[in-house]
Amino acid sequence: MSSIALVGNPNTGKTSLFNTLTTSYEYVGNWSGVTVEKKIGNLKNGAGKLIDLPGIYSLHPLSRDEGVAAQYLIEESPEALINIVDASQLERNLLLTLQLLEYGKPTLIGLNMIDVANARGIRINQTILQARLGVTVLPLIARTGKGSVQMLSVLEESSAIPAVKFKLNYGEVVERAISSIEKELRSIKDLPNHRWVALQLLEQNPVILQILKSRTDITGLLNICEACQSELQIKKLALTLPQWIRSNRMEYIRSICDDVLDTSTQKPHNLTERLDSVLTHRFLGLPLFIFFMYALFKTTFDWVGGPLSDIVDGLISGPISDGTNSLLQTIGASNFTHALIVDGIIGGVGGVLVFVPQIFILFLIISFLEDSGYMARVCLLMDSTMERMGLNGKAFIPFIIGFGCNVPAIMAARSIEQPKDRMLTTLLMPLMSCSARLPVYALFAVVFFPEQQAFAVLSMYVMGIVFALILCKVFSKYLFKNESSVFIIELPPYRMPQIKTLSRSTWEKGKGFLRKAGTIILAGSAIIWFMSYAGPGGFDVEMDHSYLAKFGGMIAPLLEPLGFGTWQAGSTLVPGFLAKEVVVSTMNIIYHAPDTAGLENQISQVFTPLSAISFMAFILLYIPCLATVGVIKKETASWKWTFFSIGYSLALAYIVSFVIFQGGRLLGWS
Amino acid sequence: MQLQPGAAGFIHKIEGMNPILRRRLADLGVSEGVNIRLKGKGPFMGPITLECNGQLFAIRRKEASMIEVNVS
């Protein structure tokens, strides 16, 4: 099996091409660094494997994501490379292309977005480009799949793609250094093209340096680089070696572009200009963004999501549970089985499935914002606020993804260049209300704030954000001193997202929730039901004498000052650590609710509006779920930080709920 | 950098900028001698939007002020 690597700048459509060339589907996003890990798919014609590497501007990495590509190229040996080049940004994209050609493996260039380039009046002479680079150039429109058939047929025999014989002359001084480095490298095994390694070394690529260091003594190599640089300085050719190499490449790229590009009819991107003049307006931009967020929540809860949820609830509490009831009676199931299936499983899992429409609508809107190009603008709008808090606007995207699920959000934080900003984003992510917490808010909002559901839920989200910002300020001041943050973001042109991509990415994000409903929530519901069914006195005991009641009763006194010191509330919190989705299904079982209306009724008797707010705040802030803890450990590679994030969130939840409840009581609410 | 929105100029010098940012700008093709255009300013003294080689990007004002431009 041959393996082929897909490399290119961010936002050039690599992931779209990956999806059309392979049978398996991967998520497509629209901000830089979305492909956080290399993804592997099987080529449609079975000719081999395709590896999708993160989007990079050059092989010299700035963020953790970008390091993956350089590391892959030096440690593994792909049979061939596909370099995706954005036709409307040829000059910039060719910088990476040259570095890849120096790698010396068979390479194909996919000239993507030729439709966009043509629409903007940019013409590219493909024949000359092909001749100057010495590799095959295939025109592509990855979004529609145009050109992918040709690409596949070329890949059919990857061994037939000729190896690249590209060589750029970097001038006498550097060429001498290259050949002496090449000589030194001969003794090291398993290295790719030595000239390429030498050039990467001269460019001071940290990944290459690290890998060489692990295999050999690199003092000699570094001395060559040093000598080469001072010679350049003495001859007044360049200040640094990387600068010299870059300017040589840029010169060559300009000469190619002069021959290949015809920009005489180039037009500005009108739609983007006009939209940006409103959407990123210095006064209008932020109010518009807040309005969009409000509309997002209104749509999710009031306008579309709520009615759909009611339909699902009607189905589960009506036909489905009635049908199961009579079916179980017909086959003569035991009381135990009957109770397990109807109260435990249908009650537990069904109570969570009701929220599926709302979750999918939320994901659909988030996907729309991502694909349209608006998300990058949001970062821009938020940067000044985030900067004041010690973070950078780029962290805003992971935070928004965090509304869906904290796990991919923490992984998306890898695209942030600075380690400090990345760490802060990771630590604060659990404060973003993920979709698993949404059922809890939705349930309580219906019961206690029926008139202002969207507002009540939105205020929970806002509360999370506010605490994230405050803690961000605190953490960046006391935990990470003396590190300023930098901000730079590319703004891709606006475009209308395609329905096909939208539905795919919504499904990709939402299916995790369904999968959890089928596994963790199912198992959790069964276990919790059993704990409520059995007690020290045997099976089928009164709920108040069950193991669950005993267990919840132990935590209850601790929760008393927060306004929900009942064993019922206490016992929902523990499974909530495994997965926050389980909180509502636990309630369904504990309160023995036949349907959502029943549960709502029960809750309205047990909680007061004040203790409901306190409870929602607690659910929002307390301990990240197990999966999130896992990914925090993985990303920070430190138990210290992992425990820190657990500890601060627990403490914060307790304090905030305490203040809400006791403060509310002092003010005379109850 | 004291341009008004919509104004353009050739980059004369970039000095004193955070090296990470400097490298990223270079990756985007922003370097001496290149034409750059100011597109807009963000809210609350936030980042400004610039255009270079048809690519839009945003950086903070403080950093943008390190870019010296000869107005064309």
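Just grab the label-to-label distance for A:LYS49 and A:LYS189, each label 7 Å out from Cα along the Cβ direction, in nm (one decimal).
My value for the distance between the label points is 2.2 nm.
Cβ under 11 Å from A:PHE455's Cβ, A:PHE455 left aside: what net charge do those residues give with Lys, Arg +1 and Asp, Glu -1?
-1
Using the eigenvalues of the Cα gyration tensor, what equivalent ellipsoid semi-axes result for chain A when each is taken as the square root of five times the eigenvalue, whole Å, largest first?
So the three semi-axes of chain A are 53, 27, 25 Å.
Can you give me the distance in nm between label points at A:LYS146 and A:THR324, each placed 7 Å from the Cα along the Cα-to-Cβ direction?
Simple spin-label model gives 5.1 nm for this pair.
If Lys and Arg each add +1 and Asp and Glu each add -1, what is the summed charge of the other residues whose beta carbon sits under 13 Å from the beta carbon of B:ALA8?
+1
Is there a simple number for the mean count of other chain Cβ atoms within 10 Å of the Cβ of residues in A:431-439, and what is it?
0
Where a Cα-Cα gap under 29 Å defines reach, which lysines qualify for A:LYS236, not counting those fewer than 8 residues away within the same chain?
Within reach: A:LYS167, A:LYS183, B:LYS13.
Show which aspartates and glutamates lie in cross-link reach of A:LYS49 when reach means a straight Cα distance below 15 angstrom and same-chain residues fewer than eight apart are skipped.
Within reach: A:GLU26, A:GLU76, A:GLU79, A:GLU156, A:GLU157.
Count charges around B:LYS41 for me, please; just the other residues with Cβ under 10 Å from its Cβ, Lys/Arg as +1, Asp/Glu as -1.
Every neighbour counted, the sum reads +3.
Using helices alone, I'd like the mean residue ellipticity at 222 nm for the protein assembly as shown: each DSSP H run of four-plus residues gives -39500 (n - 2.57), total over residue count, nearest 500.
Calculated mean residue ellipticity at 222 nm is -17500 deg cm²/dmol.
As I understand it, the value is the acute angle between the Cα axis of helix A:453-478 and the longest principal axis of the Cα atoms of chain A; what does it come to in degrees, rounded to 10?
Tilt relative to chain A: about 60 degrees.
What do you get for trypsin sites (Lys or Arg not before Pro) in segment A:465-564 restricted to DSSP loop and a cutoff of at most 12 other Cβ within 10 Å of the site's Cβ?
A:LYS481
Go ahead and run the numbers for FRET between A:LEU650 and A:GLN605, Cβ-Cβ distance against an R0 of 35 Å, rounding to 0.05.
0.80
Over all directions, average the projected area of the Cα convex hull of segment A:353-416 and note it in nm².
4.7
A:ARG254 to A:LEU578: FRET efficiency via 1/(1 + (r/R0)^6), r the Cβ-Cβ distance, R0 56 Å, to the nearest 0.05?
So the FRET efficiency works out to roughly 0.45.
With a cap of 15 neighbouring Cβ atoms within 10 Å, and only residues DSSP puts in a loop, list the chymotrypsin sites (Phe, Trp or Tyr not before Pro) found in segment A:218-297.
A:PHE283
How tilted is helix A:547-559 with respect to the longest principal axis of chain A? Cα atoms for both, answer in degrees (0 to 90, nearest 10).
Value to nearest ten degrees: 80.
Please state the equivalent ellipsoid semi-axes for segment A:164-282: what are the square roots of 5 times the Cα gyration tensor eigenvalues, largest first, in whole Å?
38, 19, 16
What is the helix-to-structure angle for A:172-185, meaning the angle in degrees between its Cα long axis and the longest Cα principal axis of chain A, kept from 0 to 90 and rounded to the nearest 10?
So the inclination is approximately 60 degrees.
Sticking with the crude label model, points 7 Å out along Cα→Cβ, report the distance from A:ILE234 to A:ASP544 in nm, one decimal please.
Between A:ILE234 and A:ASP544, the label points sit 9.4 nm apart.
When the Cα atoms of segment A:559-670 are enclosed in a convex hull and the volume is divided per residue, what value in Å³ results?
90
Give the separation of the Cα centroids, segment A:363-440 to segment A:495-564, in Å.
26
Using +1 on the beta carbon of Lys and Arg, -1 on that of Asp and Glu, and nothing else charged, what's the dipole of the protein assembly as shown about the Cα centre, debye to 20?
Result for the protein assembly as shown is approximately 1560 debye, rounded to the nearest 20.
Where q = 0.19 Å⁻¹, what log10 of I(q)/I(0) comes from the Debye formula for segment B:21-69, counting one point per Cα?
Log10 I(q)/I(0), no solvent term: -0.57.
Note the full-extension length gain between A:ASP262 and A:SER277 as 0.36 nm times their separation in residues minus their Cα-Cα distance, in nm to one decimal.
Full-extension gain reported as 2.6 nm.
Taking R0 as 25 Å, what FRET efficiency do you get between A:GLU157 and A:LYS500 from their Cβ-Cβ distance, rounded to the nearest 0.05?
With a Förster radius of 25 Å, E is 0.25.
Values quoted throughout were computed directly from the atomic coordinates according to the rules given, and no laboratory measurement underlies them. None of these values were measured; they are calculated from a predicted model. All Cβ positions, even for glycine, are placed from backbone atoms using ideal geometry, and neighbour counts span all protein chains on display.
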